[in-house]
Amino acid sequence: MGPKKSPIEIMITFPAMVVLLLAASLLSSASDKHEPGSSQRIAELTTDPRYLSPWVSYVPDSKSVPSPKKFLGRIIGEQGELSRLSQIYGYFRELARTSGRVQVEVIGKSEEGREIILVAIADESGIRNLPLLKKATAALADPRRTSPETAEKIIAAARPIYYLNAGLHADETGSPEMCLELAYRLAVSEQPMIQQIRRNVVVLINPVSEPDGHEKMVDWFYRYLKGRTDYDSLPRQSPPYWGRYVYVDINRDAHQQAMAATRAVFRMFFDYHPTVVHDLHEAIALLQTWNGTGPYNPHLDPIVTSQFLEMSFHEVKTLTALGMPGVWTWNFGENFGLHYLDSIALNHNGLGRGYETFGNATAETVQRTISKEETTREWYRPWPSDRSFRWSMRDNVNYQETACLSILDYTAKHAQDMLLDFFRTGFKSWQAGQTGRPSAYVIPEDQGDRKRVADMVNRLLAQGIEVGQAAEPVVVSEGIFPQGSYVVALDQPYRNYAVDLLEPQKFPADAADLPYDDVSWALPVHYGIEAKPVDDPKIRQAIVTPLTGEVHPAGRVNGTGPFFLIKDTGQEALFAARFRLAKFAVEIAEDPFRIAGTDYPAGSWVLRSQDELEPAIRKVASELALDFDSTSPIPEVRRHDAGVPRLGIYVPWADTDSIGWIRYALDKERIPYVYLRDEDIREGCLLGRVDVILYGDVRLDLQGQIHGIAPTSGPMPFKPSPEFPNLGTPIASEDITGGLGWTGLSSLQRFLNEGGMLITLGNATTLALDGGLVRNVRRARDQGVQTHGVELKVRFVSPGHPISYGYLPVTSAFRSNYAVYDLPRRWLEMAYCTSCLDGPVDRRGVVLQWGTRPLTEEAEPGGSHSPEESPESMVVSGGARGAEKLAGRPAILDLPSGRGRVIAFNFNPIHRDLNHSDARFLWNAILNWKKILSKAPLPKNS
Ligand SMILES: [Zn+2]
């Protein structure tokens with residue numbers, strides 16, 4: 001089965017190909033009339049002649065199609081200029097209006113309501129026949145309905161679809177500009193190389209993948225950066241917000257699809273089945289073409305891993321041959337974790353790739369210096385760049401556009417091979433599901449939280465993974481699964497990705513380098529759900545109804561009251577339910593109890609008879625898949641009031657990214673909260689506004705957390721104005737500099753002294769523990785623990801603590817790299833008498849520990865770790881180094897501070913909409929705030 005040559009390739013004899021290639025690389029402008037003045041201005045804007053290639057040294061002239069310059073009044077890469085969304089979208093729509101080779105469609109809408117568009121470019125017949133070309137790639141993507149023989153026939157008339165994703169990270173401003181010129185060049189140039197690209201390929205461009213961030217960034221540039229050319233004295237180079245929720249993390253959402261930018265790319269993907277998804281980033285000099293060092297994700301087909309290496313080396317070689325220094329590959333990332341936007345393709349039998357070019361964040365030309373390590377000559381970096389150089393927006397455009405043209409040229413020349421490899425990869429994945437192990441995964445429908453099971457199933461469906469529901473009990477050698485169980489049969493094209501999502505990850509312990517990002521994403525692990533692998537091939541005979549849309553189970557209300565109970569089986573949605581039932585009294589049982597033959601664990605809800613309660617309960621049950629039992633009389637069990645707290649979310653201006661995921665989670669469930677900015681904390685009187693302050697994970701050290709953005713350039717307002725309408729969203733400020741400051745720290749201390757609850761997550765815990773809001777907890781001497789986003793075993797040290805509700809005594813939690821803390825050095829004499837909280841309670845304030853080895857009475861406060869705990873036994877999914885140093889050390893602390901309480905997490909329970917099984921740790925602390933606070937001691941001298 002070999003690739004067939006297209007008629008075009010057959011027509012062109014070998015010597016003719018050589019002539020064409022020469023023409024392309026050396027005499028590229030021969031077939032094009034130049035737009036007057038374009039070569040001169042491009043040369044002027046390029047800081048070193050080596051930073052320019054003949055391919056992009058001019059702009060072709062066209063009588064009928066306006067160039068970017070005719071539309072914008074300036075050439076692309078003009079210094080000190082950035083294009084607004086209306087200009088970019090306006091230009092692409094003008095291109096589509098004036099050229100039969102361009103089409104524009106809308107593929108999504110951002111969180112703030114801006115369009116996300118997709119531009120398709122091909123020759124006229126390619127655009128006319130897009131529906132047929134899409135049909136062809138869709139057929140190649142499903143080897144069940146396309147035999148290898150049929151595939152060969154389809155490939156002869158099909159084209160690879162090459163998708164470029166620009167403007168994902170808002171402060172990387174070069175790619176949306178570059179795409180304007182690239183699209184125009186592809187549409188009008190008559191240069192033979194471009195003609196061949198138009199003829200053999202469909203090029204897709206998403207010019208601004210994250211439009212909310214782009215608009216804020218352009219405003220920010222004109223407000224704070226324009227005209228400033230001393231790079232080292234630039235003020236903060238990007239606004240505090242890009243999207244409504246997250247900024248850098250917008251590129252860590254491929255598995256979750258929580259963000260509109262990601263969902264738009266999925267919509268494109270399942271519509272076009274592109275051969276390549278290619279992200280354009282701007283963080284490495286001068287051009288780095290991604291493929292990762294390995295260890296590669298074990299579910300990537302070897303066809304894919306060899307193909308992306310070949311393509312990267314093609315770019316390195318081509319640009320080097322064109323005289324451009326500093327182009328390199330390989331030594332960046334590892335391609336084990338596939339959570340990035342381009343990973344959508346890698347996870348679905350396609351090719352995911354990316355560039356890092358050098359961006360300045362500003363559109364001005366500035367002097368830059370890069371590290372020595374980036375300028376060594378290596379096999380993967382044949383011609384390093386200088387260490388110090390002037391760099392302009394046009395330089396950035398030149399590198400990006402030349403590299404894009406080189407890989408589109410490659411794709412045009414290898415069109416049929418690439419399509420065949422795409423088909424083969426899917427075919428092999430499907431075959432592995434037919435003959436390999438396991439045959440399927442079975443996910444029981446009722447595992448204590450039917451909504452969470454459904455959410456996970458819906459996530460699989462959104463990934464194009466087929467799931468069915470058992471129409472009758474499934475009997476296989478692994479056991480009997482009840483009717484209604486979800487079945488992921490693996491004889492499907494995306495089998496490899498299904499396995500990747502459903503099996504725990506194993507990052508090789510002996511890998512040469514540490515991973516670049518998270519190494520655990522297994523959905524069952526992070527949803528706290530069982531997905532049972534079934535090897536027995538009999539599972540294929542099970543009667544299963546394919547799911548054609550999302551599943552939304554409803555809860556049951558048994559009886560009509562007047563009292564209602566909810567059995568706490570770990571439901572994540574209890575938190576949302578409490579706020580939807582805000583006007584009703586809810587009590588939480590502190591002990592297990594039994595009523596009418598049903599056992600209710602501690603944490604179960606008791607709702608006494610209240611007006612209008614029943615209809616409200618029916619609504620919540622149906623929306624959140626919660627089961628209520630009515631009872632009479634009310635059970636005799638110790639319980640406490642779960643009063644709805646006034647919740648404050650503190651978001652420092654210096655880093656809004658990770659906390660954006662908390663805001664996202666709360667907004668999604670319509671949970672009200674007070675947004676607290678640095679200035680709100682500084683202002684004080686916090687207890688007058690909120691009961692609980694949640695301070696989420698931040699990528700800031702202690703100094704950064706206290707002092708925030710440096711006020712070196714004076715106050716920096718972030719607020720809308722007629723000139724800069726996009727600033728100030730989602731919340732405005734007169735001045736984002738200065739952080740909490742000492743004043744803010746003092747307000748927080750006062751909030752605690754007066755009886756507030758402060759919850760710190762991940763790195764924010766630094767402020768509480770190292771910043772001195774509580775006493776007696778020190779960083780462990782032994783740091784060096786590497787947990788790059790892994791799932792580790794944890795054990796409740798204080799099983800009676802409300803944070804333990806809904807969990808087993810030994811469970812697991814997701815940990816990124818945070819400081820390791822010792823056990824508190826002193827017993828908290830006053831904090832916890834045994835009667836304060838029910839059940840055994842650790843008197844040092846440890847609620848949850850890393851690892852499972854019990855802390856013994858003999859263990860010294862602040863004592864050493866538990867050497868018996870092996871790192872392998874602690875890791876549930878991912879891979880860690882030095883995890884044994886964590887064993888026995890605190891994962892959650894509950895510490896008194898004045899009349900108040902600090903709940904300090906040594907991990908982030910709300911990480912990128914991923915670790916849903918950790919959410920209840922946090923929700924429990926918030927729902928039971930009154931109970932936890934009620935046992936806070938008075939300070940001795942008060
Ligand atoms: Zn980036």
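Quick note: the coordinates plus some simple rules give every number you see, no bench work behind them. Every value quoted in this text rests on a predicted model; they were computed, and no experiment measured them. Using ideal geometry, Cβ is built from the backbone for each residue, glycine included, and neighbour counts are taken over all protein chains shown.
The table that follows gives values for the structure above.
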quantity	calculated
Kirkwood-Stokes translational diffusion coefficient of the chain, alpha-carbon pairs, 4 °C, 1.567 mPa s, µm²/s	43
C-alpha center-to-center spacing [the range 60-107, the range 639-702] in angstrom	43
Nonlocal amide H pairs with residue 639, under 5 Å, H built at 1.01 Å	590
Sorted peptide list for 416-422, 595-601, 128-134, 759-765, criterion being average Cβ within 10 angstrom, highest first	759-765, 416-422, 128-134, 595-601
Proximal lysines to residue 317, defined as alpha-carbon separation beneath 18 angstrom and excluding residues fewer than eight positions away on the same chain	413
For the chain: relative contact order, % (alpha-carbon pairs under 8 angstrom, 6 or more apart)	10
Pair residue 390, residue 267: separation of 7 Å Cα→Cβ label points (nm)	4.4
Set of aspartates and glutamates with alpha-carbon distance to residue 931 below 13 Å, sequence-local pairs under 8 removed	587, 590, 641, 691, 838, 894
Residues with amide H under 5 Å from that of residue 485, placed H, sequence gap 5 or more	445, 470
Using θ = phi - 60° and Karplus 6.51 cos²θ - 1.76 cosθ + 1.60, couplings along the range 154-171 (whole Hz; Gly, Pro as x)	5, 4, 4, 10, 8, 9, x, 10, 10, 9, 10, 10, 9, x, 7, 8, 4, 7
Candidate lysines - alpha carbon under 17 Å from residue 33, same-chain residues fewer than 8 apart omitted	63, 69, 70
Angle between the chain longest axis and helix 657-668 axis [Cα atoms, degrees, rounded to 10]	70
FRET efficiency, 1/(1 + (r/R0)^6) with R0 22 Å, evaluated for residue 461 and residue 540 via beta carbons	0.65
For the range 333-342, 3J(HN,Hα) per residue [Karplus equation, 6.51 cos²θ - 1.76 cosθ + 1.60, θ = phi - 60°, Hz, x = Gly/Pro]	x, 9, 6, 8, x, 10, 10, 8, 5, 5
Computed [θ] at 222 nm, helices only, for the chain once each DSSP H run of length n ≥ 4 contributes -39500 (n - 2.57)	-9000 deg cm²/dmol
Hz values of 3J(HN,Hα) by residue in the range 130-147 - Karplus curve (6.51, -1.76, 1.60), Gly and Pro given as x	3, x, 6, 5, 5, 4, 5, 5, 5, 5, 5, 6, 10, x, 6, 9, 10, 6
Placed amide H near residue 812: partners under 5 Å, 5+ positions off or other chain	794
In degrees, nearest ten, helix 741-753 long axis to first principal axis of the chain (Cα)	30
Potential extension, residue 512-residue 138 segment - 0.36 nm per residue separation minus Cα distance	130.8 nm
Ranked packing of 798-808, 279-289, most packed first, by mean Cβ within 10 Å	279-289, 798-808
Between the range 537-599 and the range 169-185, the Cα center-to-center distance that results, in Å	49
Net dipole in debye of the chain [+1 Lys, Arg Cβ; -1 Asp, Glu Cβ; about Cα centre; nearest 20]	700
Separation of alpha-carbon centers, the range 374-437 and the range 715-751, rounded to whole Å	42
